[in-house]
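Presented below is the structure to which this report refers.
The values are calculated or read from the model by the stated rules, or taken from the named source; none is laboratory data. From a predicted model like this one, the values you see are computed outputs, not experimental measurements. Backbone-built Cβ (ideal geometry, glycine too); neighbour counts: all protein chains shown.
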Amino acid sequence: MDKNFKETSRSGGIIWLFQRVSAVILFVLLMAHYVTYHFIGHGIVKYVDVIEKMKAPWFNLVQFLFLFTALYHGINGIWMVAEDYMKKKGTRIFVFSILVMLGAILMFVGMLTIFKAGAKL
């Protein structure tokens with residue numbers, strides 16, 4: 001593969017570290033999510049139980065952190081893999097722009113879902 005690494009991002013080490021940190025945070029949030037849904041409660045998760053949990057501000061905060069971390073980890077992972085295969089700077093800028101827009105749209109929709117559902121209660 002003939003790639004000029006001088007044209008790629010100079011902050012690769014920091015982005016690599018953030019990817020690992022976000023993986024650990026995602027694991028902790030996923031375990032918290034799993035425990036609160038499946039172990040703390042009455043066995044089967046019911047709609048009424050979820051609505052009751054959404055009344056607590058901590059629940060919406062955890063859902064927001066889960067959304068943000070998952071989007072960052074996913075979009076950044078796709079970007080890191082895609083950047084390895086793109087040789088032209090213009091192509092990298094285009095793909096990066098698409099990923100940022102996709103991340104922003106998904107973040108907006110996710111926040112609407114979390115906070116609108118919490119506000120209706």
**Report entry** Residues that are assigned to a helix (DSSP H, G or I) and either in contact (Cβ under 8 Å) with a residue 24 or more places away in the chain or farther than 21 Å from Ser22 by Cα (or both), drawn from region 85-99
**Finding:** Tyr85, Lys89, Gly90, Thr91, Arg92, Ile93, Phe94, Val95, Ser97, Ile98, Leu99
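Yes or no, residue by residue, for (1) among the basic types (Lys, Arg); (2) modelled with pLDDT under 75; (3) under 15 Å from the mean Cα position of the chain (by Cα):
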site: Lys6; (1), (2), (3): yes, yes, no
site: Ser11; (1), (2), (3): no, yes, no
site: Leu17; (1), (2), (3): no, no, no
site: Val21; (1), (2), (3): no, no, yes
site: Val24; (1), (2), (3): no, no, yes
site: Val28; (1), (2), (3): no, no, yes
Report task. Kindly establish whether Phe64 is exposed (fewer than 13 other Cβ atoms within 10 Å of the Cβ) and either free of Cβ contacts under 8 Å to residues at least 60 places away in the same chain or over 18 Å from Met107 (Cβ atoms) (or both). Result -> no
